[in-house]
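The values are calculated or read from the model by the stated rules, or taken from the named source; none is laboratory data. What you see is a predicted model; the values in this text were computed from it and never measured. Glycine gets a Cβ as well: all are built from the backbone with ideal geometry, and neighbour counts include every protein chain shown. Remember, those area values only see protein heavy atoms, side chains included, never the ligands or the DNA or RNA. Shrake-Rupley method; radii C 1.70, N 1.55, O 1.52, S 1.80 Å.
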Amino acid sequence: MEQTKELVETITKGIQEKKGTGIVVADLSGIDGTICHYFVICQGNSPSQVEAITESVGDFARKELDERPAHVVGLENAQWVAMDYTDVLVHVFLPDVREYYDLEHLWDDAKLTYIPDLD
């Protein structure tokens, strides 16, 4: 589990590197029947920023931890990109798409950690 937490921290750094905002980490590890242990949710202001954040997360995870996502979906439109690191799912949204799906509140019993935006 320590390795998974390290991956979450590395993913967060990758998001911050490209000025991703509204980072929320949802800890699902204590909930039965979930598809992973953590969701990392953030947003970019344009499809190109969503793409850049996705690329940065992949670069940070690969270089720092030799981790690669099993799947990446959504890059065609770059409105909602999901990166599957098995125990961690990363969701990079455009603001209106994020608001519509409201993943933070999908799992009511998850512990949410809000990461402050960098200036």
### Expected 222 nm ellipticity per residue - DSSP helices of 4 or more, -39500 (n - 2.57), all of the chain, to 500
-11500 deg cm²/dmol
### Query
Among all lysine pairs in the chain that are eight or more places apart or on different chains, how many have alpha carbons less than 20 angstrom apart?
6
### Message
Using each residue's phi in segment 22-33, evaluate 6.51 cos²θ - 1.76 cosθ + 1.60 at θ = phi - 60° and report the 3J(HN,Hα) Karplus result to the nearest Hz, with x for Gly and Pro.
### Response
x, 6, 10, 10, 9, 8, 9, 5, x, 10, 5, x
### Relative contact order (percent, whole number), the chain, Cα cutoff 8 Å, 6+ residue spacing
33
### Task
Could you tell me, in Å, what Rg and Dmax come out for the Cα atoms of the chain?
12.9, 37
#### Entry: Net dipole in debye of segment 43-98 [+1 Lys, Arg Cβ; -1 Asp, Glu Cβ; about Cα centre; nearest 20]
80
### Summary
So the carbon and sulfur contribution to the accessible area of segment 1-69, 1.4 Å probe, in percent, is 42
### Query
When the Karplus curve 6.51 cos²θ - 1.76 cosθ + 1.60 is applied with θ = phi - 60°, which whole-Hz ³J(HN,Hα) does each residue of segment 34-48 get, with x for Gly and Pro?
7, 8, 7, 8, 9, 10, 10, 10, 7, 9, x, 8, 8, x, 5
### Förster radius 35 Å - calculated FRET efficiency between Asp102 and Arg62, Cβ distance, rounded to 0.05
0.70
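If you stretched the chain out fully between Lys111 and Glu6, how much longer would it get, using 0.36 nm times the residue separation minus the C-alpha to C-alpha distance?
Working: separation 105, 0.36 × 105 = 37.80 nm, distance 1.73 nm.
Taking 0.36 nm per residue and subtracting the Cα distance, the gain is 36.1 nm.
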### Query
Counting only residues 5 or more places away or on other chains, whose amide H sits under 5 Å from the amide H of Tyr85 once H atoms are built in the peptide plane?
Ala70, Val90
### Summary
Counting sequence-distant residues (5 or more places) and residues on other chains, those with an amide H built under 5 Å from that of Gly22 are Asp117
#### Entry: Heavy-atom accessible area per residue - the chain, 1.4 Å, Å²
56
